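A.B. asks: Mind looking over this structure? Questions follow.
The values are calculated or read from the model by the stated rules, or taken from the named source; none is laboratory data. If you're wondering where the values come from, they're calculated on a predicted model, not measured in any experiment. Note that we place each Cβ from the backbone using ideal geometry, even for glycine, and neighbour counts take in every protein chain shown. Only protein heavy atoms, including side chains, enter the accessible area calculation; ligands, DNA and RNA are left aside. Shrake-Rupley method; radii C 1.70, N 1.55, O 1.52, S 1.80 Å.
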Amino acid sequence: MSWSGLLRCTAMEKNGRTVISDCYYEGSLKLTRPIYLHPSQPAIYLIHVGGGYVDGDRYKTEIMLQEKAQLIATTQSATKIYKTIKMPVQQYTSIYLDHQSVFEFFPDPVIAYEKAQFYQEMVVYMKESSTFIYGDIITPGWSESGELFCYDRIRSKLKIYYEGDLMLFDHLYLEPSKGMTGILQMEGYTHFGSLFVISPFMTKNFLQQFERMAARFPASAHLGWSIPMIPGLIVRVFAHETYVIETVFQMIHQFIREECFQEGPIFLRKY
């Protein structure tokens, strides 16, 4: 099976410091050398060298964290989905988290342009003692008419296998032709974000502190949160601008790093 881009990366803990022990990529996907925003925790930037995703593109990314490894990942720029007449753009991501590993993944937004079709699926295999933090943002792209939501459809799936059992299955499906602005859809907003935190640190005490902290979120953000069947937190955000959702995610991420890991804040955006 051929891929427009393929990327594999393995991180391991060595002498109290996480290092990239194995890395392979081909096609349109690349990976930067790790940047140590924290002395023991590298950050990597996933790069798409083509400038945008087009008709029939297929991408696969595999990231593995060995025991006690800690890794931060983001992208170099937004995922831009252009017109796809025949075949949707497909993106598959597999993540493997061993005992006591921590993976923080905050890609730039997905921007779907006119006539775009996009399918993405992320599957996470994690242990009870590992931590997975993931933020995903979807925004409408430019269209010749100037109207919003001119893409054909977006389907996004997240599956989390927790100690071998499928414990979380999130399925987002957006099809503008069937209505996007009403109740149970975008409800008048244009930008949508989901933040998933699965971790043994998501205790009742932490969640109570989070509820108090939520009062400081930007007033322009419309959001809600829920608790899954496994220790974790799921936050949904509606807004009219990307930076509003990014601000909410940054506040939550910083709060988690301070309260759960006693680590300082980090800033991943490139602008």
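A.B. asks: Rounded to the nearest 0.05, what FRET efficiency do Tyr173 and Gln254 give with R0 = 45 Å and r taken as the Cβ-Cβ distance? Could you check? Display every interim value, and only then the final one.
C.D. replies: Numbers: r = 31 Å, r/R0 = 0.69.
Computed FRET efficiency for Tyr173 and Gln254: 0.90.
A.B. asks: Accessible area of Glu163, 1.4 Å probe, to the nearest 10 Å²?
C.D. replies: Accessible surface of Glu163 is approximately 90 Å².
A.B. asks: At 1.4 Å probe size, with the rest of the protein present, what percent of the exposed accessible area of the chain is carbon and sulfur atoms? Each step should come with its number before you reach the end.
C.D. replies: Details: 6530 of 12820 Å².
Carbon-and-sulfur percentage of accessible area, whole number: 51.
A.B. asks: Rounded to a whole number, what is D in µm²/s for segment 1-81 from Stokes-Einstein with the Kirkwood radius over alpha-carbon pairs (37 °C, 0.692 mPa s)?
C.D. replies: Details: Rh = 13.4 Å.
Answer from the Stokes-Einstein relation: 244 µm²/s.
A.B. asks: Can I ask one more? Keeping all protein chains in the complex and leaving out DNA, RNA and ligands, what accessible area do you get for Glu187 with a 1.4 Å probe, in Å² to the nearest 10?
C.D. replies: In the full protein context, Glu187 sits at about 80 Å².
A.B. asks: Protein chains only, probe 1.4 Å: how do Lys14, Lys159 rank by accessible area, largest first? Write down the numbers at each step before the final one.
C.D. replies: On the way: Lys14 115, Lys159 50 Å².
Result, largest first: Lys14, Lys159.
A.B. asks: Now for a separate question. Can you sort Trp225, Trp142 by solvent-accessible area, 1.4 Å probe, largest first?
C.D. replies: Values: Trp225 100, Trp142 175 Å².
Sorted by accessible area, descending: Trp142, Trp225.
A.B. asks: Further question on the same structure: Report the charge-dipole magnitude of the chain in Debye, nearest 20, computed about the Cα centre from +1 at each Lys and Arg Cβ and -1 at each Asp and Glu Cβ.
C.D. replies: Numbers: 25 positive and 28 negative charges, 56 e Å.
For the chain, the charge dipole is close to 280 debye.
A.B. asks: Follow-up question, since we're still on this one. So what are the ³J(HN,Hα) numbers for segment 217-223, from phi and the Karplus equation (6.51, -1.76, 1.60; θ = phi - 60°), rounded to whole Hz, Gly and Pro as x?
C.D. replies: With coefficients 6.51, -1.76 and 1.60, one gets 5, x, 5, 7, 9, 10, 9 Hz.
A.B. asks: Once the dipole of segment 37-185 is set up with Lys and Arg at +1 and Asp and Glu at -1 on Cβ about the Cα centre, which of Pro176, Pro42, Thr93 lies farthest towards its positive end?
C.D. replies: Pro176
A.B. asks: With unit charges on the beta carbons (Lys and Arg positive, Asp and Glu negative) and the dipole taken about the Cα centre of the chain, which residue among Thr203, Gly56, Thr190 sits farthest to the positive side?
C.D. replies: Gly56
A.B. asks: Can you sort Phe103, Phe149 by solvent-accessible area, 1.4 Å probe, largest first? Let's see the in-between values first.
C.D. replies: Numbers: Phe103 0, Phe149 30 Å².
Accessible-area ranking of Phe103, Phe149, largest first: Phe149, Phe103.
A.B. asks: In addition: How large is the accessible surface of Met64 in square angstrom, using a 1.4 angstrom probe and rounding to the nearest 10?
C.D. replies: Around 80 Å² of this residue is reachable by solvent.
A.B. asks: Among the listed pairs Lys30/Lys127; Lys86/Lys159; Lys60/Lys86; Lys68/Lys127; Lys86/Lys178, which have their C-alpha atoms separated by more than 22 angstrom in this model? Kindly include the intermediate steps, with their values, before the conclusion.
C.D. replies: Working: Lys30/Lys127 28 Å; Lys86/Lys159 27 Å; Lys60/Lys86 20 Å; Lys68/Lys127 11 Å; Lys86/Lys178 20 Å.
Cα-Cα > 22 Å for Lys30/Lys127; Lys86/Lys159; rest within.
A.B. asks: Give me the accessible area per residue for the chain, probe 1.4 Å, as a whole number in Å². Could the numbers behind the result be given before it?
C.D. replies: Details: 12820 Å² over 271 residues.
Ligands and nucleic acids excluded, the figure is 47 Å² per residue.
A.B. asks: Would segment 149-271 count as rounded, prolate or oblate if I go by the C-alpha gyration tensor, calling it rounded below 1.5 in a/c and otherwise prolate when a/b exceeds b/c, oblate otherwise?
C.D. replies: Working: a/c = 1.95, a/b = 1.33, b/c = 1.47.
Note, shape of segment 149-271 comes out oblate.
A.B. asks: Another question, if that's okay. At 4 °C and 1.567 mPa s, what whole-number value in µm²/s does Stokes-Einstein give for the translational diffusion of the chain, with Rh from the Kirkwood sum over Cα pairs?
C.D. replies: Result for D is 68 µm²/s.
A.B. asks: Right, another one. Nothing charged except the Cβ atoms of Lys and Arg (+1) and of Asp and Glu (-1): what's the magnitude of the dipole of segment 1-136 about its Cα centre? Round to the nearest 20 debye. Please report the intermediate quantities before stating the final value.
C.D. replies: Working: 13 positive and 14 negative charges, 62 e Å.
Value, rounded to 20: 300 debye.
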